[in-house]
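Data first, discussion second: the structure below is written as structure tokens.
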């Protein structure tokens, strides 16, 4: 039973009580589906007996903290987990949306994807926010290279990295709005119906081997209201119903026996009521530094600045700039000053975190928040939520369906294991330069 599995996971991971047992899936009722494409997204020439799956449905719920599990019954998610795996997945540090999703789809940490969020580009002397650029192949690109058809309903990190607007073989849509609209597109793709892709009605040329769908409802609520908001419970019920819709459509198309569902969050979420950005600025100035915040697109660093502060969720990226970079005493003073600011954890030199921070552009020091604190400049009006520190590195992971074992113990994986596992399920090579591995311990073959 999934109740026992989630309770075991909670006991090991988060000490949260599961509120209800497994129940039959409750998908939304609908009309008889249109006939799906008669061809398949997988090339006809395959070695017998072939891989376990013809289709992997990849669902990304932004901000689905693993500690949310058990707060409210999610019968469709429970039903999947009852026959597969449930647990948590470890994001890169810093756990920010775009770098995290880049690792999920490529199997590589940021030191290879080079997808970094919120940093100072010293060469261009400009602030950089988030980007969809990935320097290594994604699982979608691997599948397209062998001739498969893929589709993505607002799974944004794949745009330009395996899927495009108006491409019937590698189709991307971005309907915006509530989660239900993204699942509308995913269901339509499975039915072989046209979807709005960049203003053009486009139909997938065949049943895809990878269908990805993304929602950010949990992330939006968590940021606005904190990780304990009761509105998260309502959103989780709705997201579970959307999962049920997609599971029901796979069954209606006769694809259940050859379909694997992989559902992940990208990062966790922590509440805060205070921020240390402004006190840090003051402490640095009082210590004799000339600090400057970077937080807006196009911002550059003044010639007189010697400490650059870049807020990144619940973490502050700190760079020593100018002539003081050559002064050992300035490095020591900077570290001591950062450590003295209330609400911060001890500043970590970047080199100590490169395995997971993964990118040498991330700052000279990475300063994370203590519980209840954020790294913003101004304190919030009430409780808010954010991520970006090690406290938010864990997110939810569920895998079920073709080729997946029924596992009782909770899973604990890495983001970089997801893409190689999808490749293994579909009989494709893992993305080049992937650092993760296929989760063979959870697979039947």
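The values are calculated or read from the model by the stated rules, or taken from the named source; none is laboratory data. The shown structure was predicted, so the numbers you read here are calculated from the model rather than taken from an experiment. Counting neighbours? That spans all protein chains shown, and the Cβs are built from the backbone with ideal geometry, glycine included.
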Please enumerate the residues belonging to region 295-318 that are within 16 Å of residue 378 (Cβ to Cβ) and surrounded by fewer than 22 Cβ atoms within 10 Å (Cβ to Cβ). 295, 296
Among the numbered criteria (1) modelled with pLDDT under 95; (2) touching a helix residue (DSSP H, G or I) at 6+ places or on another chain (Cβ under 9 Å); (3) within 20 Å of residue 247 (Cβ to Cβ), which one does residue 31 miss? (2)
Find the residue count for region 141-180, including only residues that are assigned to a helix (DSSP H, G or I), buried (at least 17 other Cβ atoms within 10 Å of the Cβ) and either out of contact with any helix residue (DSSP H, G or I) (no Cβ under 8 Å at 6 or more places or on another chain) or not assigned by TED's automatic domain parsing to the domain that holds residue 61 (or both). 2
Residue that is surrounded by the most Cβ atoms within 10 Å (Cβ to Cβ) [pool: residues in region 120-140 that are in contact with a strand residue (DSSP E or B) (Cβ under 7 Å, 6 or more places away or on another chain) and within 19 Å of residue 311 (Cα to Cα)]: 120
Being at pLDDT 85 or above, under 28 Å from residue 113 (Cβ atoms) and more than 24 Å from the chain's Cα centre (by Cα) narrows it down to one residue among 52, 43, 92; which is it? 52
Which residues, counting only those in region 115-140, are out of contact with any helix residue (DSSP H, G or I) (no Cβ under 9 Å at 6 or more places or on another chain) and either more than 16 Å from residue 313 (Cα to Cα) or free of Cβ contacts under 8 Å to residues at least 12 places away in the same chain (or both)? 121, 122, 123, 124, 125, 126
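Residue by residue, here is whether (1) modelled with pLDDT under 95; (2) more than 15 Å from residue 74 (Cα to Cα); (3) part of a helix (DSSP H, G or I) holds:
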{"residue": "185", "(1), (2), (3)": "no, yes, yes"}
{"residue": "190", "(1), (2), (3)": "no, yes, yes"}
{"residue": "219", "(1), (2), (3)": "no, yes, yes"}
{"residue": "223", "(1), (2), (3)": "no, yes, yes"}
{"residue": "228", "(1), (2), (3)": "no, yes, no"}
{"residue": "233", "(1), (2), (3)": "no, no, yes"}
{"residue": "237", "(1), (2), (3)": "no, no, yes"}
{"residue": "242", "(1), (2), (3)": "no, no, yes"}
{"residue": "245", "(1), (2), (3)": "no, no, yes"}
Residue 59 vs. criteria crowded, with 24+ Cβ neighbours inside 10 Å, within 17 Å of the chain's Cα centre (by Cα) and closer than 20 Å to residue 402 by Cβ: yes
Being over 21 Å from the mean Cα position of the chain (by Cα), surrounded by fewer than 17 Cβ atoms within 10 Å (Cβ to Cβ) and assigned by TED's automatic domain parsing to the domain that holds residue 234: is that true of residue 201 here? yes
Enumeration of residues in region 388-444 that are more than 23 Å from residue 247 (Cα to Cα) and out of contact with any helix residue (DSSP H, G or I) (no Cβ under 9 Å at 6 or more places or on another chain): 388, 389, 391, 392, 417, 441
